[in-house]
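Step one of this worksheet: look at the structure below.
Nothing in this text is a laboratory measurement; each read-out follows from the coordinates by a stated rule. Bear in mind the structure is a predicted one, so any value in this text is a computation, not a measurement. Please note: Cβ atoms are built from the backbone with ideal geometry, for glycine as well, and neighbour counts cover all protein chains shown.
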Amino acid sequence: MPDLTVIHATPRFVVIDKPAWLLSVPGIGPDKQDCVASRVRAMFPASRGPLIAHRLDMETSGLLVLGLDEDAQRNLSAQFENRAVAKRYVALLEGTPDAAEGTIELPLRLDVDNRPYQIVDFEQGRTSLTRFRVLASEPGRTRVEFEPLTGRTHQLRVHAAFSGDAFWPAREGKPPARSMAQPPPAPRVGLGRPIIGDVLYGRVRAERLMLHASELDFNDPGTGARVRLESGAPF
């Protein structure tokens, strides 16, 4: 597993570039203790508190900001909760979306019978909102930028994959995740183009999920000054 790259550090917080396949926080079991939080604590032994203010899926790479003291962590967590943080991601999609830019709005919830899938449910789902724009296209794949305006689990992966009826089954013995209940009269769909390497919602296998958190824009928890940081996608 590659080492963490520190993008920006102050006495109050640090921003790192997480590699794909590294957990943000510890999981259950001794084999799941290596994570961003434990590595940052080892790198900054004077740090205290929970550190983590937000998470990335294990398969996703990119920028994570962590508070190095309890007050900084609470401040950063509140910024994410209050949608005061601007985030952008770069992804490679299977095929080409119909639109070059736009906004996706879908209600999501956990599929309790098929964890960890998220499901589109127009009756009980929680609102999720993402802006997107195409950056470049080539045969069989498209590079897009996502700007999530909410922070639901697997939001970008579902918004990329959902086509209005069902996701493609990704694993043997697992049914495809489906939408529940009838959509409103004006159809709300995703791009219908899963992220390459998405073993839950996609079809095209790859060495990793082609999703990278490329930009963070937030307030310094100590000074209040706006901080904007970028990381190039490694694919």
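Suppose R0 equals 22 Å; then what is the FRET efficiency for ASP113 and ASP34 from their Cβ-Cβ distance, rounded to the nearest 0.05?
Here the calculated transfer efficiency is 0.10.
To the nearest 0.05, what FRET efficiency results for PHE122 and ALA78 with a Förster distance of 25 Å applied to their C-beta separation?
Here the calculated transfer efficiency is 0.25.
GNM on the chain, C-alpha springs below 10 Å: top fluctuator among LYS32, LYS87, LYS18?
For the chain, modelled as a Gaussian network with Cα springs under 10 Å, the answer is LYS32.
Using a Förster distance of 30 Å, how high is the FRET efficiency between THR150 and ASP3, based on the Cβ-Cβ distance and rounded to 0.05?
0.40
What's the longest bit of the chain with no exposed GluC sites (Glu not before Pro), using DSSP loop states and at most 15 other Cβ atoms within 10 Å as the test?
1-122
Kindly identify the chain as rounded, prolate or oblate by the Cα gyration tensor criterion: order the square roots of the eigenvalues as a ≥ b ≥ c, call it rounded if a/c is under 1.5, otherwise compare a/b with b/c, prolate if a/b is larger, else oblate.
It is prolate, given that a/c is not under 1.5 and a/b is the larger ratio.
Antiparallel DSSP bridges in the chain: what percent, to the nearest 5?
Here the antiparallel bridges make up roughly 90 percent for the chain.
Contour minus end-to-end for THR223 and GLU207, with contour as 0.36 nm per residue of separation and end-to-end as the Cα-Cα distance?
Gain in length upon complete extension: 1.7 nm.
Subtracting the Cα-Cα distance from 0.36 nm times the residue separation, let me have the gained length for ASP98 to THR10 in nm, one decimal.
27.4 nm
For the range 71-141, just say rounded, prolate or oblate: build the C-alpha gyration tensor, square-root its eigenvalues into a ≥ b ≥ c, call rounded for a/c under 1.5, and beyond that prolate if a/b exceeds b/c, oblate if not.
Cα axes put the range 71-141 in the oblate bin.
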